[in-house]
1. Relative to the compact-globule scaling 2.2 N^0.38 Å, provide the ratio for the alpha-carbon radius of gyration of segment 21-91.
2. For segment 70-77, just list the computed ³J(HN,Hα) in residue order, Karplus coefficients 6.51, -1.76 and 1.60, θ = phi - 60°, integers in Hz, with x standing in for Gly and Pro.
3. Each residue of segment 15-31 in order: what ³J(HN,Hα) in whole Hz does its phi give by Karplus 6.51 cos²θ - 1.76 cosθ + 1.60, θ = phi - 60°, with x for Gly and Pro?
4. Search the structure for amide H atoms under 5 Å from the amide H of R41, placed 1.01 Å from N in the peptide plane, and list their residues when 5 or more places away or on another chain.
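What follows is calculated from the coordinates using simple rules that are stated; it is not laboratory data. Here the structure is a predicted model, which means the values were calculated and not measured.
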Amino acid sequence: MRERRSLKAKLILGDGPLSRVPPLAVFLVVTAVFVAGVLVRGVPGALLLGLLAAGVAVMLAATWQALLPGQRLGRLLVLGLLIIIAVSVVLAK
């Protein structure tokens with residue numbers, strides 16, 4: 001059985017600025033921005049979701065070489081779903 005990852009463990013190996021960000025803080029910020037984007041609706045909500053999508057895209061590009069094909073696919077699916085949700089937020093009345 002695999003060991004559970006510590007909630008205080010580094011998200012990214014290395015000494016960059018993101019390596020010192022607590023995973024719980026990242027989760028809470030991403031969740032708050034996503035919920036705000038969905039609840040606000042319209043262009044402002046789509047902009048918030050677009051901001052999240054841009055962040056996911058940057059992280060995906062930065063970690064592409066280190067990811068396994070299955071992990072790449074999963075992250076591309078998350079990115080695609082986020083874009084679809086952002087578009088639906090704009091089009092919903």
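1. Values: Rg = 12.8 Å, N = 71, 2.2 N^0.38 = 11.1 Å.
In units of the globular-protein estimate, segment 21-91 measures up at 1.15.
2. Values, residue by residue: x, 5, 4, 4, x, 6, 5, 5 Hz.
3. Each residue of segment 15-31 in turn: 10, x, x, 6, 5, 9, 7, x, x, 5, 5, 4, 4, 5, 5, 4, 4 Hz.
4. Those qualifying (amide H under 5 Å, at least 5 residues apart or on another chain) number zero.
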